Amino acid sequence: MKTRVFKRLLRQIEKLTSTQTKQVKNQLNQQCSVKTIKGITEEVDHCPHCGATSLYKWGVRSKLQRYKCRECKRTFNALSKTPLARLNLRVR
């Protein structure tokens with residue numbers, strides 16, 4: 001979606017009634033399901049720091065698999081460098 005169109009959409013959301021707002025929330029919740037988030041956490045194919053693909057498993061923390069990069073030697077999980085990275089309430 002283009003930025004201009006998205007900003008217009010945000011302005012329109014402010015004008016919604018409470019019933020319409022609930023409908024939008026329900027639709028968004030269906031799109032952002034727990035299965036989608038769990039799918040994201042299982043797909044790690046490169047280092048978020050340097051982009052290298054040579055990784056190996058490096059333990060588990062908070063029920064998330066951690067990885068270590070062979071190139072930059074940094075550890076990370078599937079949520080590193082994402083909007084969900086520092087989220088305190090995790091999906092169970």
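No lab work stands behind these numbers, since they all come straight from the coordinates. None of the values given here were measured: they were computed from a predicted structure. Positions of Cβ are backbone-derived with ideal geometry, glycine not excepted, and every protein chain shown enters the neighbour counts.
With the crude spin-label approximation of a point 7 Å out along Cα→Cβ, what separation in nm comes out for ARG66 versus GLN20?
About 4.8 nm, to one decimal.
Treat the count of other C-beta atoms within 10 Å as a stand-in for reagent exposure and order ARG66, ARG11 from fewest to most.
Listing ARG66, ARG11 from fewest to most nearby Cβ atoms yields ARG11, ARG66.
Exceeding 32 Å between C-alpha atoms, which entries from my cross-link table qualify? They are LYS22/LYS68; LYS2/LYS81; LYS7/LYS57; LYS7/LYS63.
With Cα atoms farther than 32 Å apart: LYS22/LYS68; LYS7/LYS57; LYS7/LYS63.
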